[in-house]
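Note sheet for the following structure.
Here, each number is a calculation from the coordinates, and none is a lab measurement. Please read these numbers as outputs of a predicted model, since none were measured by experiment. Cβ placement follows ideal geometry from the backbone for every residue including glycine, while neighbour counts extend to all protein chains displayed.
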């Protein structure tokens, strides 16, 4: 029986990467942020909502693809947005207080899809605002140059999506740091020679 473990080049690279560098590596948006901002700020409310929903679909799919060991085994592409979001909730990949406004956005999008005359009313925007976490609402209100007044739909859509994306980035970094910790343990248990550890 072989009593040594030989790490791959990929394992060695990960072991020699600092946790901070791993976090920085994952601080990349899975979409073009400037394009999103332009699209979600233009047009009527229903257009803003449709545009934003496309980005929410992308981020939720990305969260699942990254979190599942074998995402192809469940045919994510055949699942509807609601099913994907349910899976995200079941796996605790997004905080509940963020899922609530995302469900509200999805519900409004469905109303638009099933009623060509549907318009996003002020009451719909206030309902979305009320179910958005207070810290996110406060962040929008604190933006430099923003005039006082009720939050606009595009502001809510943007802050909710950006928070979901930040959670995705953080989760990906945490998973990679966890993998690095498992590799470190394995090298200690196997007494692997010539391995450089970096925190």
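So here's what we get for this one:
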| item | result |
| --- | --- |
| Fewest-first sequence of 23, 141 by Cβ atoms within 10 Å of each Cβ | 141, 23 |
| Rounded tilt (10° steps) of 45-67 against the dominant C-alpha axis of the chain | 20 |
| In degrees, nearest ten, helix 122-131 long axis to first principal axis of the chain (Cα) | 30 |
| 0 to 90° range, to nearest 10: angle between helix 153-189 axis and the chain longest Cα axis | 10 |
| Listed peptides 154-162, 130-138 by packing density, highest first (mean Cβ within 10 Å) | 154-162, 130-138 |
| Sorted by Cβ neighbour density within 10 Å, fewest at the top, the residues 15, 183 | 15, 183 |
| MRE, 222 nm, helices only [DSSP H, n ≥ 4, -39500 (n - 2.57), over the chain, to nearest 500] | -21000 deg cm²/dmol |
